[in-house]
């Protein structure tokens, strides 16, 4: 007489959500590694671009769930990346802009372009992670 095991480990269980992907676009290696560590520790897949042109190309090719975008970068600023993405995508990409810039005009322009959050450097990692988790929920 054969016994059926109490659990079938090969059987599908609840649908597991696909791993959310976060693209970090920043030219500062220390910030990239810190963000990569914190975000991947929460179970998200992390992609990295080190300048605005690479970030734009990766955003269009990889279609991430969230973009963390530095404002001041070589080759193409965060604003130019943001403007292009807002014009070229039928469904807006979730975007958190991070910047060391203190100007309120920059924040107002970023908000006009539709950023989901605007965070000034230096920032508490808890603050950023709260925003990441809220936007990916």
Problem - Residue among 88, 77 that alone is exposed (fewer than 14 other Cβ atoms within 10 Å of the Cβ), over 10 Å from the mean Cα position of the chain (by Cα), more than 17 Å from residue 21 (Cα to Cα) and touching a residue at least 24 places away in the same chain (Cβ under 8 Å) - result: 88
Practice task
Check residue 54 against each of (1) at pLDDT 95 or above; (2) surrounded by fewer than 17 Cβ atoms within 10 Å (Cβ to Cβ); (3) more than 17 Å from residue 123 (Cα to Cα) and name the one condition it does not meet.
Solution key: (2)
Practice task
Being farther than 19 Å from residue 93 by Cα and either touching a residue at least 40 places away in the same chain (Cβ under 8 Å) or surrounded by 22 or more Cβ atoms within 10 Å (Cβ to Cβ) (or both) is the filter here, so list the residues in the range 36-51 that pass it.
Solution key: 38, 42
Practice task
Look through 68, 32, 119 and report the one residue that is surrounded by 14 or more Cβ atoms within 10 Å (Cβ to Cβ) and within 11 Å of the chain's Cα centre (by Cα).
Solution key: 68
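For (1) within 19 Å of residue 136 (Cβ to Cβ); (2) modelled with pLDDT under 95, each residue gets a yes or a no:
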| residue | (1), (2) |
| --- | --- |
| 43 | yes, yes |
| 47 | yes, no |
| 72 | no, yes |
| 86 | no, yes |
| 95 | yes, no |
| 99 | no, yes |
| 112 | no, yes |
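The values are calculated or read from the model by the stated rules, or taken from the named source; none is laboratory data. Keep in mind that this is a model prediction, so the values were computed, not measured. Counting neighbours? That spans all protein chains shown, and the Cβs are built from the backbone with ideal geometry, glycine included.
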